[in-house]
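The values are calculated or read from the model by the stated rules, or taken from the named source; none is laboratory data. Just so we're clear, the structure is a prediction, and the values are computed from it rather than from any experiment. Don't worry about glycine lacking a Cβ; one is built from the backbone with ideal geometry, like all the others, and counts go over all protein chains shown.
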Amino acid sequence: MTRLTVRTRDAEGTRHVARTLAAALKAGDLLVLDGPLGAGKTTFTQGLGAGLQVRGPVASPTFVIERVHPSLVGGPALVHVDAYRLGGEGEIDDLDLDADLDRAVTVVEWGRDRVEHLADSVLLIELERPAAVEDPSDPDEPRTLVMTGYGPRWDTATREGLAALLAQITGADGLVRAPQDEETH
(Lines give C-alpha, C1' and ligand atoms only; values in the text may rest on other atoms or scores of the structure.)
Protein backbone atom coordinates (compact mmCIF):
# COMPACT_ATOMS: atom_id res chain seq x y z
CA MET A 1 0.00 0.00 0.00
CA THR A 2 1.28 3.42 -1.00
CA ARG A 3 0.13 6.58 0.83
CA LEU A 4 0.91 10.22 0.09
CA THR A 5 -0.68 13.33 1.60
CA VAL A 6 -0.72 16.82 0.10
CA ARG A 7 -2.45 20.00 1.25
CA THR A 8 -3.79 22.72 -0.99
CA ARG A 9 -4.72 26.30 -0.22
CA ASP A 10 -7.64 26.56 -2.68
CA ALA A 11 -9.40 25.05 -5.70
CA GLU A 12 -6.59 25.98 -8.08
CA GLY A 13 -4.14 24.12 -5.84
CA THR A 14 -6.36 21.03 -6.00
CA ARG A 15 -6.44 21.28 -9.81
CA HIS A 16 -2.65 21.70 -9.85
CA VAL A 17 -2.14 18.50 -7.84
CA ALA A 18 -4.30 16.65 -10.37
CA ARG A 19 -2.49 18.18 -13.38
CA THR A 20 0.79 17.06 -11.83
CA LEU A 21 -0.54 13.57 -11.07
CA ALA A 22 -1.67 13.23 -14.71
CA ALA A 23 2.00 13.00 -15.74
CA ALA A 24 2.29 9.74 -13.78
CA LEU A 25 -0.92 8.16 -15.08
CA LYS A 26 -1.43 5.81 -18.00
CA ALA A 27 -4.27 4.00 -19.73
CA GLY A 28 -5.74 1.38 -17.41
CA ASP A 29 -5.38 3.44 -14.23
CA LEU A 30 -8.44 3.51 -11.97
CA LEU A 31 -8.80 6.41 -9.54
CA VAL A 32 -11.49 6.43 -6.87
CA LEU A 33 -12.36 9.83 -5.39
CA ASP A 34 -13.89 9.97 -1.94
CA GLY A 35 -14.96 12.83 0.27
CA PRO A 36 -18.01 14.78 1.37
CA LEU A 37 -20.08 17.05 -0.83
CA GLY A 38 -18.04 20.10 -1.78
CA ALA A 39 -14.69 18.45 -1.03
CA GLY A 40 -13.36 19.06 -4.54
CA LYS A 41 -13.83 15.76 -6.39
CA THR A 42 -14.97 17.40 -9.62
CA THR A 43 -12.42 20.19 -9.20
CA PHE A 44 -9.72 17.52 -8.94
CA THR A 45 -11.04 15.79 -12.07
CA GLN A 46 -10.98 19.10 -13.97
CA GLY A 47 -7.27 19.38 -13.21
CA LEU A 48 -6.74 15.78 -14.25
CA GLY A 49 -8.49 16.44 -17.56
CA ALA A 50 -6.27 19.49 -18.16
CA GLY A 51 -3.16 17.45 -17.37
CA LEU A 52 -4.21 14.61 -19.65
CA GLN A 53 -5.14 17.15 -22.34
CA VAL A 54 -8.60 15.80 -23.02
CA ARG A 55 -11.56 17.40 -24.71
CA GLY A 56 -13.69 19.22 -22.17
CA PRO A 57 -15.11 20.89 -20.32
CA VAL A 58 -14.95 18.47 -17.42
CA ALA A 59 -18.12 18.89 -15.37
CA SER A 60 -19.84 16.82 -12.74
CA PRO A 61 -21.50 13.81 -14.37
CA THR A 62 -24.04 13.47 -11.53
CA PHE A 63 -27.09 13.24 -13.78
CA VAL A 64 -25.49 11.53 -16.79
CA ILE A 65 -23.47 9.15 -14.57
CA GLU A 66 -20.56 8.83 -17.02
CA ARG A 67 -18.72 11.17 -19.41
CA VAL A 68 -15.92 10.18 -21.76
CA HIS A 69 -13.38 12.88 -22.64
CA PRO A 70 -11.21 11.83 -25.61
CA SER A 71 -7.56 12.82 -25.68
CA LEU A 72 -6.59 15.77 -27.84
CA VAL A 73 -2.96 14.60 -28.05
CA GLY A 74 -3.14 10.84 -28.63
CA GLY A 75 -2.98 9.91 -24.95
CA PRO A 76 -5.54 8.01 -22.92
CA ALA A 77 -9.11 9.26 -22.72
CA LEU A 78 -10.56 10.32 -19.37
CA VAL A 79 -13.66 8.41 -18.26
CA HIS A 80 -15.37 10.41 -15.50
CA VAL A 81 -18.03 8.59 -13.49
CA ASP A 82 -20.24 9.76 -10.65
CA ALA A 83 -21.46 6.77 -8.64
CA TYR A 84 -23.42 8.87 -6.13
CA ARG A 85 -26.83 7.87 -7.51
CA LEU A 86 -25.91 4.25 -8.21
CA GLY A 87 -27.02 1.47 -5.92
CA GLY A 88 -24.79 -1.54 -5.71
CA GLU A 89 -22.12 -3.35 -7.66
CA GLY A 90 -24.70 -4.53 -10.22
CA GLU A 91 -25.48 -0.98 -11.33
CA ILE A 92 -21.75 -0.24 -11.59
CA ASP A 93 -21.28 -3.35 -13.71
CA ASP A 94 -24.17 -2.24 -15.96
CA LEU A 95 -22.07 0.79 -16.94
CA ASP A 96 -19.58 -1.62 -18.54
CA LEU A 97 -16.64 0.46 -17.30
CA ASP A 98 -14.24 -2.43 -17.71
CA ALA A 99 -14.74 -2.22 -21.50
CA ASP A 100 -12.87 1.13 -21.60
CA LEU A 101 -10.62 0.58 -18.60
CA ASP A 102 -7.56 -0.54 -20.57
CA ARG A 103 -7.76 2.43 -22.96
CA ALA A 104 -8.52 5.24 -20.50
CA VAL A 105 -7.77 6.78 -17.15
CA THR A 106 -10.99 6.15 -15.24
CA VAL A 107 -12.03 8.40 -12.35
CA VAL A 108 -14.99 7.43 -10.19
CA GLU A 109 -16.44 9.97 -7.78
CA TRP A 110 -18.24 8.35 -4.84
CA GLY A 111 -16.77 5.00 -5.94
CA ARG A 112 -15.20 3.81 -2.70
CA ASP A 113 -16.17 0.19 -1.96
CA ARG A 114 -18.06 0.06 -5.27
CA VAL A 115 -15.55 -0.19 -8.13
CA GLU A 116 -12.34 -1.64 -6.72
CA HIS A 117 -13.24 -5.03 -8.23
CA LEU A 118 -12.75 -3.59 -11.72
CA ALA A 119 -8.92 -3.48 -11.57
CA ASP A 120 -6.05 -5.16 -9.79
CA SER A 121 -4.63 -1.73 -8.85
CA VAL A 122 -6.52 1.30 -7.60
CA LEU A 123 -5.50 4.80 -6.49
CA LEU A 124 -7.90 6.01 -3.79
CA ILE A 125 -7.88 9.78 -3.36
CA GLU A 126 -9.60 11.05 -0.25
CA LEU A 127 -10.38 14.76 -0.36
CA GLU A 128 -10.90 16.39 3.00
CA ARG A 129 -11.88 19.94 3.82
CA PRO A 130 -11.55 21.68 7.19
CA ALA A 131 -14.30 20.75 9.63
CA ALA A 132 -15.10 24.37 10.47
CA VAL A 133 -15.65 26.36 7.29
CA GLU A 134 -17.92 29.31 6.71
CA ASP A 135 -19.32 27.97 3.44
CA PRO A 136 -18.84 24.20 2.85
CA SER A 137 -19.46 24.66 -0.88
CA ASP A 138 -16.69 27.29 -1.22
CA PRO A 139 -14.14 25.78 -3.63
CA ASP A 140 -11.44 28.12 -2.39
CA GLU A 141 -11.13 26.58 1.04
CA PRO A 142 -7.99 24.55 1.77
CA ARG A 143 -8.11 20.81 1.12
CA THR A 144 -6.10 17.79 2.17
CA LEU A 145 -5.69 15.03 -0.38
CA VAL A 146 -4.67 11.59 0.84
CA MET A 147 -3.64 9.29 -2.00
CA THR A 148 -3.47 5.58 -1.23
CA GLY A 149 -2.37 3.16 -3.92
CA TYR A 150 -3.37 -0.49 -3.83
CA GLY A 151 -2.00 -3.23 -6.05
CA PRO A 152 1.12 -3.74 -8.15
CA ARG A 153 0.70 -0.55 -10.21
CA TRP A 154 1.34 1.56 -7.10
CA ASP A 155 4.54 -0.16 -5.98
CA THR A 156 7.47 1.56 -4.28
CA ALA A 157 9.05 2.89 -7.50
CA THR A 158 5.78 4.44 -8.66
CA ARG A 159 5.16 5.92 -5.21
CA GLU A 160 8.63 7.45 -5.12
CA GLY A 161 8.16 8.93 -8.60
CA LEU A 162 4.80 10.37 -7.64
CA ALA A 163 6.21 11.74 -4.37
CA ALA A 164 9.01 13.44 -6.32
CA LEU A 165 6.49 15.02 -8.73
CA LEU A 166 4.39 16.33 -5.85
CA ALA A 167 7.46 17.61 -3.97
CA GLN A 168 8.23 19.85 -6.97
CA ILE A 169 4.95 21.74 -6.46
CA THR A 170 4.94 21.84 -2.66
CA GLY A 171 6.24 24.91 -0.86
CA ALA A 172 8.23 25.11 2.36
CA ASP A 173 4.96 25.68 4.23
CA GLY A 174 3.76 22.23 3.11
CA LEU A 175 1.08 23.62 0.79
CA VAL A 176 0.89 22.98 -2.94
CA ARG A 177 1.99 26.03 -4.91
CA ALA A 178 -0.41 26.62 -7.78
CA PRO A 179 1.08 28.38 -10.82
CA GLN A 180 -0.37 31.80 -9.89
CA ASP A 181 1.24 31.43 -6.41
CA GLU A 182 4.64 31.04 -8.04
CA GLU A 183 4.16 34.26 -10.02
CA THR A 184 3.36 36.32 -6.91
CA HIS A 185 6.09 34.96 -4.62
Residue 50 - would you say it is of a type in the set (Gly, Ala, Ser), at pLDDT below 95 and out of contact with any Pro (no Cβ under 8 Å at 6 or more places or on another chain)? no
Scope the stretch 18-63; condition farther than 20 Å from residue 111 by Cα and in contact (Cβ under 8 Å) with a residue 24 or more places away in the chain; matching residues: 19, 20, 23, 24, 50, 51, 52, 54
